[in-house]
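S.K.: Structure provided below as structure tokens; questions to follow.
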Amino acid sequence: KLYQSVVPGLKRIGVIYDPEKSETLVSEARAAAGELGIELTSTPVSSHKKVPGALRSMLGNIDALWMVPDDTVLTMDSFRFLLVTSLENKLPMMAVTDIFVKFGALATIVPDPSEVGKQICGIAMAIRNGELDIAEVDVLPPTPANLVLNSKTAKKIGLEVSQEVLDAASKVYE
């Protein structure tokens, strides 16, 4: 939903990933995107050398590119290629961390460190008080999530980000 607020009319997101490392994440994202009316177009790769071809195959068929934390896909060279190509094609690139946004990706969603600490504390207290068995603890998404934007990148790709979205962002790189 946050990415839809940044890129109005977002209907198709592309992702390049290594199935051996990121299949579960991509499958879960596909289901979540589908609930929002977004199609997740995924292109699997087995080597960082296949990233350029994978991105080229998606160009013209996606409204944004989403990076996942996958070290097969994300190397310094592949990030440079993804960034340059996305800028040349005016394609919003959603990054995996805010450092990538600082260096030119359009946006990312990151957890709030103090909220993560509160969640961990709550889980630890529930375990200590016997309200929760440690075997029952599952991975939880951090709440709330923070939006980080690069307004200079938005201008480069011709995207006008609303003032409301800019105001809601936890950090805006300019």
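S.K.: Once the other residues with Cβ under 14 Å from the Cβ of L159 are scored (Lys, Arg +1; Asp, Glu -1), what is the net sum?
M.R.: +2
S.K.: With every protein chain present, what is the per residue accessible area of the chain (1.4 Å probe, Å²)?
M.R.: On the way: 9850 Å² over 174 residues.
Dividing the accessible area of the chain by its residue count gives 57 Å².
S.K.: Right, next: Ignoring everything except DSSP H segments at least 4 long, calculate the 222 nm mean residue ellipticity for the chain; use -39,500 (n - 2.57) per segment, divide by total residues, nearest 500.
M.R.: Calculated from helices alone, the mean residue ellipticity at 222 nm is -12500 deg cm²/dmol.
S.K.: Residue separation times 0.36 nm, minus the C-alpha to C-alpha distance between K102 and D167: what's the value?
M.R.: That pair, K102 and D167, stretches by 21.6 nm at full extension.
S.K.: Kindly provide log₁₀ I(q)/I(0) values, in the same order as q = 0.19 Å⁻¹, from the Debye equation applied to equal alpha-carbon scatterers of the range 24-126.
M.R.: For the range 24-126, the Cα-only Debye profile gives -1.01.
S.K.: Diagonalise the Cα gyration tensor of the range 56-174 and give the resulting equivalent ellipsoid semi-axes, square root of 5 times each eigenvalue, largest first, whole Å.
M.R.: Working: eigenvalues 233, 63, 24 Å².
Those come to 34, 18, 11 Å.
S.K.: I157 versus K11, label points 7 Å from Cα toward the beta carbon: distance in nm?
M.R.: With each label placed 7 Å out from Cα toward Cβ, I get 1.8 nm.
S.K.: Sticking with this structure for a sec: Just read off the accessible area of V165 with the full protein assembly in place, 1.4 Å probe, to the nearest 10 Å².
M.R.: V165 has an accessible surface of roughly 10 Å² with all protein chains in place.
S.K.: In the range 1-123, carbon and sulfur make up what percent of the accessible area (probe 1.4 Å)? Provide the component values of the computation, followed by the final result.
M.R.: Values: 3620 of 6200 Å².
Ligands and nucleic acids excluded, carbon and sulfur reach 58 percent.
S.K.: A further question follows. Please check: in the Gaussian network model of the chain (C-alpha springs, under 10 Å), which one of I13, I120, I38 has the largest mean-square fluctuation.
M.R.: For the chain, modelled as a Gaussian network with Cα springs under 10 Å, the answer is I120.
S.K.: How would the range 113-174 be classified by its alpha-carbon gyration tensor: rounded, prolate or oblate, with rounded meaning a/c under 1.5 and the a/b versus b/c comparison settling the rest? Walk me through the numbers on the way to the answer.
M.R.: Working: a/c = 4.79, a/b = 3.76, b/c = 1.27.
Prolate, because a/c is 1.5 or more and a/b exceeds b/c.
The values are calculated or read from the model by the stated rules, or taken from the named source; none is laboratory data. Please read these numbers as outputs of a predicted model, since none were measured by experiment. Note that we place each Cβ from the backbone using ideal geometry, even for glycine, and neighbour counts take in every protein chain shown. Just so you know, the surface numbers come from the protein's heavy atoms only, side chains and all, with ligands and any DNA or RNA stripped out. Shrake-Rupley method; radii C 1.70, N 1.55, O 1.52, S 1.80 Å.
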